[in-house]
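**Q** First the structure, which I've put down as structure tokens, then a few questions once you've had a look.
Only the coordinates and a few stated rules stand behind these numbers; no lab work does. Keep in mind the model is a prediction, meaning the values are calculated, not measured. Virtual Cβ from ideal backbone geometry, glycine too; neighbours counted across all protein chains shown.
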Amino acid sequence: MDERSRQRIREHLQDMEAQERIQRYMEKGRAEASVTISRAAELFQLSENRLRDWEEYGLLSPLRPTGPKGRRLYTPGELDKLAIIRELIDAGYAPSDIPPDVGLIWHTVYGESDHPLLLERRGAQGSHEKSLFLSIPPRVDRARNELFWRYFVSRALRLSLMLICEDIPYATAALILPLEPSVPAETIQSVEECVKLGESLIGWLDPSRSSHTLLVAAPTFDYATDYRLLPLAVMTEDHVEEAVSDHTLILLDRRSRRLTLSRAIVDAIHQLLGPIYEDVQRSRSCFGIGMRDVLESVTDLENIGSDEDMVLKGLAEVIVTIGGKTEYGVPRWKFSCILLPNHPASVLSLQQRALIVRAQSALSPYKVNVTAVHPLGSAIGPCLRAFQSGHIVSQPIISGEDRPMGRSEESGLNRNDDDERVRSAIAVPIEGQDGMSIAVLYVAASAPHAFSDDDQRVLRLMGNMIGELLDTYSVRLRPRGKLRDLIAMPGSVDPLFREFLAENAFALHIEGILCDVMTVSAEDQPRDVVSFIAIDIDNQSSLANKYGDRMARDISRAVGLRILGQLRAFKDDGKCELYRVNADRFFLVLQGIPLEQARAKAELLRKVLKGSYQIDPQRVPTGQPTLPENMVTLSNITVRLAVSSYFHSKLREILQRYSTENAIVEARLLLMRFLDEGLDIGKRVGGDVVVSWDPHNRGIIPLLSTE
């Protein structure tokens with residue numbers, strides 16, 4: 001094959017009629033998804049031998065799932081290539097004239113074509129190309145406008161799939177939402193027939209519970225027999241028990257357990273997916289061909305000013321849509337609000353916090369970031385009752401004198417028109433990761449008794465979606481103010497222990513001392529000495545089991561701060577450095593301090609560290625004082641201590657035991673193991689003790705307490 005043949009092929013593929021024929025064959029091939037060689041030959045009116053010959057030429061590469069001698073399967077990509085090859089063969093080209101990368105030539109030519117018919121077909125792609133030349137602010141605005149819908153659709157599909165698969169762990173599952181089905185979904189009886197549905201929105205759930213949202217021209221699957229197809233309907237063990245009411249289909253791994261769906265689950269999913277079917281074009285713009293700028297949404301809801309978070313506002317709007325319409329075509333629900341507490345739990349208790357409107361739908365009478373409901377007196381409103389109790393609070397009938405949301409700084413309700421009054425309402429608490437309420441969803445209606453049990457279920461699902469968003473914002477805001485600390489102090493991760501030197505610094509300190517011992521002559525260090533004190537909190541594991549890791553961590557910090565305070569009180573010429581080496585263990589390096597003095601300091605530390613500690617269980621934000629009455633007192637905290645001491649002559653002897661290359665590291669590990677062994681002995685004798693090397697008995701012994 002020479003370059004002239006390649007150029008002629010390119011020119012032929014630029015012909016509009018040739019492109020039309022190829023497109024027709026491609027569409028016909030795609031409709032069959034993966035097919036056998038006999039079906040591929042039938043689709044393109046060719047013999048099977050010709051397909052095998054073209055495979056020999058390297059023009060086709062069908063799949064052979066069962067091995068080299070297995071039957072051939074032609075994927076949609078191979079069928080597309082076959083459509084191109086068929087056109088070229090019919091145009092008089094020999095197989096040897098056709099390059100193996102003819103598909104790439106086709107995509108290059110087809111992408112450059114400017115025929116009116118093809119431009120009409122590729123209108124969305126053309127729009128994408130134009131959008132590449134937009135200035136940056138319009139692109140940011142477009143991404144913001146699409147943000148909510150992409151969030152809602154992907155989360156609605158994910159929640160629906162999680163609900164469907166809750167009793168089917170580790171199963172692959174999908175929801176197929178035909179946007180404008182060309183055939184009724186109830187007529188689709190097999191996975192292979194899904195292609196007839198046309199353009200569809202797909203929610204996909206992996207066994208790992210990762211989820212994907214896709215817009216496809218038609219649902220096709222390479223291995224259709226791997227799945228089974230079910231309608232979204234009430235069923236028991238895959239047996240559908242009633243007529244199908246919409247077009248949504250469920251795809252499940254054929255090996256997964258048989259599916260059972262109750263009426264409540266099906267109705268909740270129908271309500272949740274309703275807005276997606278109502279706004280098909282919006283899904284096309286958000287998930288179809290086109291520009292996909294990445295926008296990481298995050299809002300500091302405690303410092304938002306007068307602005308309103310776009311995703312929360314969108315969720316408030318879509319909740320009204322989910323409520324459906326009355327027989328007169330008006331929304332059943334009048335408006336919705338999302339209220340968040342005015343302070344975190346570390347500042348005020350659940351009973352003390354007010355709720356502020358942070359987002360709302362169009363017809364809400366309140367003011368975002370202004371209207372607040374307060375826990376004043378005994379008659380608190382439904383939003384606060386829901387927030388504090390963790391239960392839905394429903395108001396099926398609201399009288400003309402009631403304040404629907406409770407006492408607020410800005411009631412704002414229009415009471416001049418009776419038709420505009422709120423007649424019923426519901427307050428739904430939004431659950432956080434620890435089970436406590438983190439927000440409230442408030443929905444109001446102009447008619448009484450507007451919230452059924454099914455409505456409560458779908459509002460709980462929407463609350464789950466809101467809670468996930470709030471958690472996401474919290475996580476994304478978490479690095480704020482700490483990134484420069486990361487650069488300045490890369491080795492210090494936990495901010496609670498930045499006052500203390502870390503284990504790496506301890507290792508460097510010891511290795512520096514050992515290096516000096518190796519390089520300085522014995523005559524220059526006749527009586528130089530270094531001592532060590534290791535400190536461990538008794539029963540730290542029991543404390544963690546009883547109070548939790550967070551409280552145990554706070555105890556460790558409190559002990560460390562008390563050690564630091566005592567070090568400042570030491571009045572001698574020695575140099576003391578404190579290191580924290582793990583969850584409950586501290587090491588002291590005392591240069592120039594001999595064994596007897598180190599023992600005395602250890603005994604003093606044991607007495608100072610023994611006793612009660614006041615811990616802040618909430619740990620208020622930095623800069624805010626903790627009231628004494630909010631502190632928790634933990635009594636009977638004790639420590640055990642291990643003491644060791646070495647003249648430099650002894651360290652030199654230890655270094656000589658090892659090869660020159662590893663001597664310093666091996667000696668340092670030996671010194672640390674000796675301290676660990678001393679702490680273990682202290683643990684075995686019951687704790688609250690000082691153990692020390694005894695040069696007379698040449699062993700580690702507990703020291704007698706002077707108490």
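**Q** Sort Glu237, Glu180, Glu317, Glu327 so the one with the fewest other Cβ atoms within 10 Å of its own Cβ comes first.
**A** Ascending number of Cβ neighbours within 10 Å: Glu327, Glu237, Glu180, Glu317.
**Q** Right, another one. Please arrange Leu350, Leu159, Leu641 by counting, for each residue, the other beta carbons lying within 10 Å of its beta carbon, fewest first.
**A** Numbers: Leu350 15, Leu159 20, Leu641 28.
In order of increasing Cβ crowding within 10 Å: Leu350, Leu159, Leu641.
**Q** So for Lys81, Lys367, fewest C-beta neighbours within 10 Å to most, what's the order?
**A** Least to most surrounded, the residues fall as Lys367, Lys81.
**Q** Mind checking the full-extension length gain between Asp485 and Glu20? Use 0.36 nm per residue of separation minus the Cα-Cα distance, one decimal, nm.
**A** Once the chain is fully extended between Asp485 and Glu20, it gains 161.2 nm.
**Q** Continuing with the same structure: Would you calculate the separation in nanometres between label points at Ser541 and Ala362, each defined as 7 Å from the Cα along the Cα-to-beta-carbon direction?
**A** My value for the distance between the label points is 6.3 nm.
**Q** So how much slack lies between Asp471 and Glu327, counting 0.36 nm per residue of separation and subtracting their Cα-Cα distance, in nm?
**A** 48.0 nm
**Q** At a Förster distance of 56 Å, what's the computed FRET efficiency of His239 paired with Asp434, Cβ-Cβ distance as r, to 0.05?
**A** With a Förster radius of 56 Å, E is 0.90.
**Q** Report the FRET efficiency, 1/(1 + (r/R0)^6), for Glu577 and Phe221, where r is their Cβ-Cβ distance and R0 is 45 Å, rounded to 0.05.
**A** 0.10
**Q** Sorted by packing (mean other beta-carbon atoms within 10 Å per residue), highest first, where do 602-609, 678-685, 51-58 land?
**A** Ranking, from highest mean packing down: 602-609, 678-685, 51-58.
**Q** Tally Lys and Arg at +1 and Asp and Glu at -1 over the other residues with C-beta under 13 Å from the C-beta of Asp206: what net charge comes out?
**A** Its environment carries a net charge of +1.
**Q** Starting from the Cα of Leu670, step 7 Å along the direction of its Cβ; do the same at Gln189; then give the gap between the two resulting points in nm.
**A** It is 8.4 nm.
**Q** List, in the order given, every pair from Lys81/Lys196; Lys601/Lys683; Lys575/Lys650; Lys313/Lys334; Lys575/Lys683 whose Cα-Cα distance in the structure shown is over 25 Å.
**A** Too far apart for the 25 Å limit: Lys575/Lys683.
**Q** Take the Cβ-Cβ distance between Glu166 and Val493 as r, set R0 to 45 Å, and report the resulting FRET efficiency rounded to the nearest 0.05.
**A** Taking R0 as 45 Å, the efficiency between Glu166 and Val493 is 0.80.
**Q** Be a star and scan the range 421-443 for residues whose amide nitrogen sits under 18 Å from the point 7 Å along the Cα-to-Cβ vector of Ser399.
**A** Once the point is set 7 Å along Cα→Cβ of Ser399, 421-425 turn out to lie under 18 Å by backbone N, inside the range 421-443.
**Q** Ranked from highest to lowest mean number of other Cβ atoms within 10 Å per residue, what is the order of the peptides 219-230, 182-193?
**A** 219-230, 182-193
**Q** Once fully extended, how much extra length lies between Asp454 and Arg71, figured as 0.36 nm per residue of separation less the alpha-carbon to alpha-carbon distance?
**A** That pair, Asp454 and Arg71, stretches by 132.8 nm at full extension.
**Q** Which of rounded, prolate or oblate describes the range 142-287 when judged by the alpha-carbon gyration tensor and an a/c cut-off of 1.5?
**A** rounded
**Q** Roughly what would the spin-label model give for Arg139 and Arg4, points 7 Å off Cα along C-beta, in nm?
**A** Those two pseudo-labels are separated by 4.5 nm.
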